[in-house]
Amino acid sequence: MLVLVTGATGYIGRQLVNRLLAAGHRVRCLARNEARRDHFPAEVEVVLGDVLRRETLAEALRDAECAYYLVHSMGAGENGFAKRDRLAAYNFAVEARSAGIRRVIYLGGMGSGSMSEHLKSRQETGDVLRLFGPPVVEFQAGIIVGAGSASFEIIRSLAEKLPVMICPRWVTTRVQPIGVCDVLAYLVAALDKKYLEGEVVQIGGSTVETYKSMIEEYARVRRLRRWLIRVPVLTPRLSSYWLDFVTSVSPAITRQLVEGLRTEVVCRSTQAQALFPEIRPLSYCQALQAALDLQDPGLPAEAFMNRQRLPGVEGFVDDCRETEVAAPLETVRDVLHSIGGGMGWLYGDWLWRLRGWLDRRFGGVGMRRRRFRVIPLRQDDAVDFWRVQEASENRLLLRAEMKVPGRAWLQFCLAALPNGKTQLRSVASFEPRGLLGQLYWWSLYPLHRFIFAGMLRGIMRVSERRECGNHPTTLDGFVTLEAEA
């Protein structure tokens, strides 16, 4: 089935595209400009267009059977976003009906009674799609729990950065959060379900929480001690200003989201269970564990080879560096697989040894130096205080086993260039745990800049020297590490 996805570069859209491809569907995405083509996998068809310009939609809708509407203009600014949403929905609905689209699947927001402008706009969008377009299946969700979701990132920032929180009255509002994996399951399942036309389906997780309980559960899972003090004087508007200082979410989004925190968001219908009995939503705790259980913060090697930009991963801080090496990929890879141990880290090695000594004093593994090591590295090999998590032709991913207030990785990606050179990227990623983790990273950041930049130059220097034949290294499948010291 050919499926059109609008809003495909958004948080849900990016993940939905991959789910649809995995399910065997042909996927077409609507993009506003040429630069966004690099955001999608190679097998995705990308058509340029804008839902605010009706004349650009016909090509994207041509021959598609179903379409997902995941567009939301709030990120473009607070002023006039509701009017833009109505116009965009009208344009898309009219063109979708004209193109013969069988079904439009829309992800909106849940709420009733006195709602914020944000929630009203989400529901008005669904009304416009139903009134002027093909049959619509509208899913209404509250807080989506997943790394990158704006609502979840607010909770993450509050719990990670503030040991003591002065909380307004809305922290006791009842909500029914849902894991992002369950949202995606509903969206994909709606493609093939019959008798869904015109349905408005409320979806939520298996537990009902409050914002207070969600923050406390996050802190418990992350082993953080947090105190929440409720006061009656913080209005949603004042709360949004405070959130601007402690979260990475756009102020235009936080203000609208906080305005909606006073609205109870709990499913008032069991229709989702009746229509989708095969989907058993996770509890908030289970969805939280899944959101935090990210084991690989880096960029896949295939994306790097396709020259995609390095995306920021929520909850992580990175130091990313890149250079060209005048040596073929195989030579650079051999050098990468030789670092650590007796060879050292090619720059500031005494600092690495000092870090290992401190780690041992605090009960860590320290520097597990060995004079000889089999090349290439394999998964689960130990490299000083690192453990090899992935070792492939184009990528080496090391996971730290040292004592740190969080989790750390060191990643190297390689890409062969047409001129015989190699593009080399190093990414040091850190997931700080609490305020101590933030202080740890930023206090060492100036030192990290010199160490990682120097290490990259050292890898380049040794690789180019080996390519010139001045640095023999191999002997019966082993590397003589002492020769490099």
Across the range 23-42, what is the total count of residues that are in contact with a Leu (Cβ under 8 Å, 6 or more places away or on another chain) and loosely packed, with under 12 Cβ neighbours inside 10 Å?
-> 2
Of the conditions (1) of a type outside the set (Ser, Thr, Tyr); (2) on the phi < 0 side of the Ramachandran plot; (3) surrounded by fewer than 24 Cβ atoms within 10 Å (Cβ to Cβ), Gly148 fails just one. Which one is it?
-> (2)
Just checking, how many residues over the range 16-56 are touching a residue at least 40 places away in the same chain (Cβ under 8 Å), touching a Phe, Trp or Tyr at 6+ places or on another chain (Cβ under 9 Å) and closer than 25 Å to Ala190 by Cβ?
-> 3
By residue number, the members of the range 1-22 that are touching a Leu at 6+ places or on another chain (Cβ under 8 Å) and not in a helix (DSSP H, G or I) are Met1, Val3, Leu4, Val5, Thr6, Gly7, Ala8, Gly10
Restricting the range 397-441 to residues that are more than 19 Å from Ser338 (Cβ to Cβ) and of a type in the set (Phe, Trp, Tyr), the residue that is surrounded by the most Cβ atoms within 10 Å (Cβ to Cβ) = Phe430
In the range 351-367, which residue that is hydrophobic (A, V, I, L, M, F, W, C) and free of Cβ contacts under 8 Å to residues at least 24 places away in the same chain is nearest to Gly340 (Cα to Cα)?
-> Met367
What about Val3, is it closer than 20 Å to Ala189 by Cβ, open to solvent by less than 70 Å² (accessible area, probe 1.4 Å) and in contact with a His (Cβ under 6 Å, 6 or more places away or on another chain)?
-> yes
Is it the case that some residue within the range 386-408 is touching a Lys or Arg at 6+ places or on another chain (Cβ under 7 Å), in contact (Cβ under 8 Å) with a residue 12 or more places away in the chain and among the hydroxyl-bearing types (Ser, Thr, Tyr)?
-> no
Surrounded by 15 or more Cβ atoms within 10 Å (Cβ to Cβ), of a type outside the set (Phe, Trp, Tyr) and in contact (Cβ under 8 Å) with a residue 60 or more places away in the chain - does that describe any residue in the range 57-65?
-> yes
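Conditions (1) within 30 Å of the chain's Cα centre (by Cα); (2) at pLDDT 90 or above, marked per residue:
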residue	(1), (2)
Arg361	no, no
Val365	no, no
Phe372	no, no
Leu377	yes, no
Ser392	yes, no
Leu410	yes, yes
Gly437	yes, no
Identify, please: which residue in the range 66-83 is open to solvent by 60 Å² or more (accessible area, probe 1.4 Å) and part of a helix (DSSP H, G or I) and is, among those, modelled with the lowest pLDDT?
-> Ala76
Can you spot a residue in the range 368-381 that is open to solvent by 50 Å² or more (accessible area, probe 1.4 Å) and among the β-branched types (Val, Ile, Thr)?
-> yes
Among residues belonging to the range 108-127 that are outside any helix (DSSP H, G or I) and farther than 19 Å from Gly7 by Cβ, point out the one that is most open to solvent (accessible area, probe 1.4 Å).
-> Ser114
Open to solvent by 40 Å² or more (accessible area, probe 1.4 Å) and at pLDDT 85 or above: does that describe Arg321?
-> yes
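The values are calculated or read from the model by the stated rules, or taken from the named source; none is laboratory data. Here the structure is a predicted model, which is why all the values come from computation and not from measurement. Heads up, the Cβs are rebuilt from the backbone with ideal geometry, glycines too, and the neighbour counts pull from every protein chain shown. For accessibility, only protein heavy atoms count, side chains too; no ligands or nucleic acids. Shrake-Rupley method; radii C 1.70, N 1.55, O 1.52, S 1.80 Å.
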